[in-house]
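The values are calculated or read from the model by the stated rules, or taken from the named source; none is laboratory data. Bear in mind that the values here come from a model prediction, so they are computed numbers and not experimental data. Don't worry about glycine lacking a Cβ; one is built from the backbone with ideal geometry, like all the others, and counts go over all protein chains shown. SASA here: full protein model, heavy atoms, side chains in, ligands and nucleic acids out. Shrake-Rupley method; radii C 1.70, N 1.55, O 1.52, S 1.80 Å.
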Amino acid sequence: MLRVRGLGKRFGDTVALADVDLDVAEGEVVVVIGPSGSGKSTLVRCIDLLEDIDAGSVELDGELLGFRVDRRGVLRRLPARRTAPQRRRMGMVFQSFNLFAHLTVERNVWEAPVRALGEPLAEARARAHQLLERVGLGHKGDAYPVQLSGGQQQRVAIARALAVRPRLMLFDEPTSALDPELVGEVLAVMESLAQERTTMVVVTHELQFAREVATRVVFMDAGRVVEQGTPDEVFGNPRTERLQTFLQRFSAAS
Amino acid sequence: MSRPAPGAVKAPDPAPATGVPDARDSRPERRPWLWVAWAVLVVLLAQLVAFVLRSDRLELSVVGEYLFAEPILDGLVTTIALTAIATVLGTVLGALVCLARLSSLAPLRYAAAAWIAVFRSVPPLVQLLFWFNLAYLVPVLSIGIPFGPSVGEWSANDVITPYTAAVIGLSLYNSPYSAEIIRSGLSAVPRGQLEAASSLGLPARDTFFRIRLPQATRIILPPMGSQVISLLKGTSLVSVIAMTDLLGAAREVYTRTFEVVPLLIVAILWYIVLVAALTAGQSWLERRFSRGY
């Protein structure tokens, strides 16, 4: 479903991603792990078209993302305002939630379906309520984001991303900004999504989550995919030294 | 240990006498300077009141006589109308200039920067005089294709009245300030909010009007309020181009009657009332736009 080929991204002189290939099939839960600065956040941000890529390509269901080929066969980068339909097919959950601060929780969820998909308001509101129930926040629809805990805000953010019926859900360190006791409630929601066979790419430091929920684990370091495989392969039998050191440091910490 | 605090509105429950210091036994710190400050303020106020009551030049009866006189109220209406029109036009112009400044098209950005540089450099009084005398520079105003035929022509002398010159001058003077205030508000919206909107595939127009602008408005309102207040006071300059605003009306009266100070006080009182009304409106708007923060 998702096909990333030769993806490259640099910020000034810093190479964030170099020649990254990644395939995600329907229903897969791909968890991307790796040390800070390894490029894993940049990877999902590039997939979601939040960053302009410098090399390679990203395709979703066979459609090239962020570019078009004009009549002469020249590849042209689409300006951000013209990629909206493509981005609706992916749902993004940010580390810092990014709920719309001036809108109620419920409206955070139905704003995009109504404005972007043209769903009737009544329908969109009913669905927003359903989605909030699903993340355990059906009673918080009238609250403003600032009145919620971090974990609740992130659950709303997940509901909001689901509201545009994305083909693929992307998570960019969804629990890194949370107090330890709030991490569980967000991971529980993500786990239930995985059980419903939602296609997901999850960047996280929660190795326990990766071990239990991932269908495939991708280990990145220095902007490259170093190793990938089933959780058993990656955690039970790491082949590269870098992954071994990374896992050791983590198990020592926990 | 525990004793009732003198002057306290409600005596707190006394702490059990354990010998350990307890906040419930505390009394406010002594503040001798507080009483000194009150004394100074009362003396100053008394002096002011005594001055007002004793002065025979203040002529409060004249103030009362003219406060609601028709020429003054006409001038007041002109001042309010000028402020309202110049606020609306200046803000609309400012918003356009601001969007041009933030545009991805370089020529638009340069034009906007030049606009801001020019109209912010020229003092408002100079602008009023300049636009009032526009007919000398451009005798005929025409609309048409640049360097080509025109579809309509007007004599500048007919178009430029004191009123239009005042509206043009004040709006243009106001526009660069509005532009910069709006720009600062738009730039202050956190990037994450815009990323979330674009990631949801919200069309650019909805992202701007439903996410970015409402959040920017909260930041724009306080400086914009100050700007409207200084514009209101700036309208008093239009009396130099023969317009009868609040100050102009007061001047017309006192050049006849020579009651200069009382009529200036009439104008001052009205300016204070207008600014108080604007301030009240501003705090109402600020409360409205601070929901969710």
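One table, with the values for the structure above:
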item: Where A:LEU99 falls short, out of the listed (1) within 10 Å of chain B (Cβ to nearest Cβ); (2) modelled with pLDDT of 95 or more; (3) more than 18 Å from the chain's Cα centre (by Cα); result: (3)
item: Test: residue in the stretch B:243-255 that is surrounded by fewer than 16 Cβ atoms within 10 Å (Cβ to Cβ) and within 23 Å of B:LEU278 (Cβ to Cβ); result: no
item: Cross-chain or 6+ apart pairs with Cβ under 7 Å, the stretch B:14-43 first and of a type in the set (Asp, Glu), then open to solvent by less than 100 Å² (accessible area, probe 1.4 Å); result: B:ASP22/B:ALA15; B:ASP25/B:SER2; B:ASP25/B:ALA15
item: Subset of the stretch A:202-230 [surrounded by fewer than 19 Cβ atoms within 10 Å (Cβ to Cβ) and more than 23 Å from A:LEU7 (Cα to Cα)]; result: A:GLN208, A:ARG211, A:GLU212
item: Scope the stretch B:148-180; condition within 30 Å of the chain's Cα centre (by Cα), more than 18 Å from B:THR83 (Cα to Cα) and part of a helix (DSSP H, G or I); matching residues; result: B:VAL159, B:GLU180
item: Qualifying position, being surrounded by fewer than 20 Cβ atoms within 10 Å (Cβ to Cβ), away from chain B (no Cβ under 13 Å) and on the phi > 0 side of the Ramachandran plot, among A:GLY141, A:GLY136; result: A:GLY136
item: Scan of the stretch B:127-136 for residues that are within 11 Å of B:LEU170 (Cα to Cα) and free of Cβ contacts under 8 Å to residues at least 60 places away in the same chain, ordered by number; result: B:GLN127, B:TRP131
item: Residue ID - nearest to B:ALA188 (Cα to Cα), chosen from residues in the stretch B:69-90 that are open to solvent by 40 Å² or more (accessible area, probe 1.4 Å) and under 14 Å from the mean Cα position of the chain (by Cα); result: B:VAL88
item: Scan of the stretch A:173-197 for residues that are farther than 17 Å from A:GLY151 by Cα and touching a residue at least 60 places away in the same chain (Cβ under 8 Å), ordered by number; result: A:ALA194, A:ARG197
item: Condition met for A:GLY151 (over 15 Å from the mean Cα position of the chain (by Cα), modelled with pLDDT under 95 and part of a helix (DSSP H, G or I)); result: yes
item: Residue under evaluation B:PHE119, criteria (1) surrounded by fewer than 11 Cβ atoms within 10 Å (Cβ to Cβ); (2) touching a residue at least 40 places away in the same chain (Cβ under 8 Å), criterion not met; result: (1)
item: So B:ARG212, is it touching a Phe, Trp or Tyr at 6+ places or on another chain (Cβ under 8 Å), buried (at least 17 other Cβ atoms within 10 Å of the Cβ) and charged (D, E, K, R); result: no
item: Hey, B:PHE147 out of contact with any strand residue (DSSP E or B) (no Cβ under 6 Å at 6 or more places or on another chain), open to solvent by 70 Å² or more (accessible area, probe 1.4 Å) and more than 14 Å from chain A (Cβ to nearest Cβ) or not; result: yes
item: Matching residues in the stretch B:92-108 - criterion: being open to solvent by less than 40 Å² (accessible area, probe 1.4 Å) and touching a helix residue (DSSP H, G or I) at 6+ places or on another chain (Cβ under 9 Å); result: B:GLY94, B:ALA95, B:VAL97, B:CYS98, B:ALA100, B:SER103
item: Flag if B:LEU232 is touching a Leu at 6+ places or on another chain (Cβ under 8 Å), within 14 Å of another protein chain (Cβ to nearest Cβ) and in contact (Cβ under 8 Å) with a residue 12 or more places away in the chain; result: no
item: B:LEU48 at pLDDT 90 or above and in contact with a Phe, Trp or Tyr (Cβ under 9 Å, 6 or more places away or on another chain); result: no
item: Residue count for the stretch A:52-82, restricted to those that are at the interface with chain B (Cβ under 8 Å from one of its Cβ atoms) and touching a Leu at 6+ places or on another chain (Cβ under 7 Å); result: 0
item: Residue that is nearest to A:GLY6 (Cα to Cα), among those in the stretch A:25-42 that are out of contact with any helix residue (DSSP H, G or I) (no Cβ under 9 Å at 6 or more places or on another chain) and among the β-branched types (Val, Ile, Thr); result: A:THR42
item: Residue in the stretch A:102-112 that is assigned to a loop (DSSP other than H, G, I, E, B) and among the small types (Gly, Ala, Ser) present; result: no
item: Residues (of a type in the set (A, V, I, L, M, F, W, C) and open to solvent by less than 20 Å² (accessible area, probe 1.4 Å)) located in the stretch A:19-38; result: A:VAL20, A:LEU22, A:VAL24, A:VAL29, A:VAL30, A:VAL31, A:VAL32, A:ILE33
item: Selected residue (criterion: nearest to A:THR204 (Cα to Cα)) from residues of the stretch A:11-37 that are out of contact with any strand residue (DSSP E or B) (no Cβ under 9 Å at 6 or more places or on another chain) and of a type in the set (Gly, Ala, Ser); result: A:SER36
item: Search result, residues across the stretch A:105-116 that are within 8 Å of chain B (Cβ to nearest Cβ) and open to solvent by 30 Å² or more (accessible area, probe 1.4 Å); result: A:ARG115
item: Test: residue in the stretch B:187-199 that is more than 14 Å from chain A (Cβ to nearest Cβ), under 22 Å from B:PRO223 (Cα atoms) and open to solvent by 20 Å² or more (accessible area, probe 1.4 Å); result: yes
item: Close pairs (6 angstrom Cβ cut-off, 6 or more residues apart or separate chains): polar (S, T, N, Q) in the stretch B:137-148, open to solvent by less than 100 Å² (accessible area, probe 1.4 Å) anywhere; result: B:SER142/B:SER150
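Listed here are the residues, each with its yes/no results for (1) part of a helix (DSSP H, G or I); (2) closer than 17 Å to A:PHE97 by Cα; (3) within 17 Å of the chain's Cα centre (by Cα); (4) modelled with pLDDT under 90.
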{"residue": "A:VAL201", "(1), (2), (3), (4)": "no, yes, yes, no"}
{"residue": "A:HIS205", "(1), (2), (3), (4)": "no, yes, yes, no"}
{"residue": "A:PHE209", "(1), (2), (3), (4)": "yes, no, yes, no"}
{"residue": "A:PHE219", "(1), (2), (3), (4)": "no, no, yes, no"}
{"residue": "A:LEU247", "(1), (2), (3), (4)": "yes, no, no, no"}
